[in-house]
Every structure is written in C-alpha cells, then in structure tokens.
1. Just to be sure I understand the filter: pairs with C-beta atoms under 7 Å, separated by 6 or more residues or on different chains, first member in region 65-84 and hydrophobic (A, V, I, L, M, F, W, C), second member in a helix (DSSP H, G or I) and at pLDDT 95 or above. Which pairs pass?
2. Would you say Ile60 is within 15 Å of Lys14 (Cα to Cα) and either modelled with pLDDT of 95 or more or in contact with a helix residue (DSSP H, G or I) (Cβ under 9 Å, 6 or more places away or on another chain) (or both)?
3. Within region 57-86, work out how many residues are in contact with a Ser or Thr (Cβ under 6 Å, 6 or more places away or on another chain) and outside any strand (DSSP E or B).
4. Just one of Val9, Val98 is modelled with pLDDT of 95 or more and out of contact with any Ser or Thr (no Cβ under 7 Å at 6 or more places or on another chain); which is it?
5. Can you find, within region 22-57, the residue that is nearest to Tyr87 (Cα to Cα) among those that are surrounded by 15 or more Cβ atoms within 10 Å (Cβ to Cβ) and modelled with pLDDT of 90 or more?
Amino acid sequence: MAKPAKKLVIVTEKLLLKKIANIIDAAGATGYTVLETGGKGSRNMRSSGQPNVSDTTSNIKFEVLTDTREMALAISDKVAAEFFEDYSGIAYICDAEVLYAHKFCGVDGC
C-alpha cells in the first residue's frame, strides 16, 4: 500500500554535505539519498564528472522523504538560512507516494 509523503530536494555544493546531513538528522528525518550532480544556474555552470584537483567544486542533491510538509519546510528553512546566502543552492518540495511503506513507516507501521 502506498503512503503519501513529501519529497524535499536540496541541490547545493558538495562541501556542505556533512553540515546539511546533520540538519536533516536533527530534524528527525529517518534517512536521505545523496547524489553527485551538476548543472547551470544563477552562479554559472557546475559540473560533476569532469576531472579536477578538488571535488569541492562539485554539486550534490539530497532527496529526503518526510511524513509532513512541516518537517520538509523546517529542514529547508534551516539549510537556506545557514547556507544559501554564501553558497549556491536551491530547495524544493514535491508530493510523493512511498510504495513500500513498511520501510518508511518503521516497525510500528503507518
């Protein structure tokens, strides 16, 4: 049975990975997925997959499934307030359905 959820997506600089992961954990989210990514935005082209001396110029994308919009907003608001003035980044929320909800809901069920 599918369970409705919110998917928070945060795309930002790789050097923020641990700091953002800590914010997600502190908010009570049960997990997240991180992908290396690249693209073009208001701060020009950023690439993953091109050889370079340091991977601090790479971007990452967090995907976080949350039970509520409020939790997703709390995470995104804290990330934006702490980092988006000085680092490139964007966050958005999508509706999602978790297909194997027993893993998302935990041992107590939904």
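The values are calculated or read from the model by the stated rules, or taken from the named source; none is laboratory data. What you see is a predicted model; the values in this text were computed from it and never measured. Counting neighbours? That spans all protein chains shown, and the Cβs are built from the backbone with ideal geometry, glycine included.
1. These pairs meet every condition: Met71/Ala27; Ala74/Ala27; Ile75/Ile23; Ile75/Ile24; Ile75/Ala27; Val79/Ile20; Val79/Ile23; Phe83/Leu16.
2. Details: within 15 Å of Lys14 (Cα to Cα): yes; either modelled with pLDDT of 95 or more or in contact with a helix residue (DSSP H, G or I) (Cβ under 9 Å, 6 or more places away or on another chain) (or both): yes.
So Ile60 fits the description; yes.
3. 2
4. None of the other options fit; the residue is Val9.
5. Filtering first and then ranking leaves Ile23.
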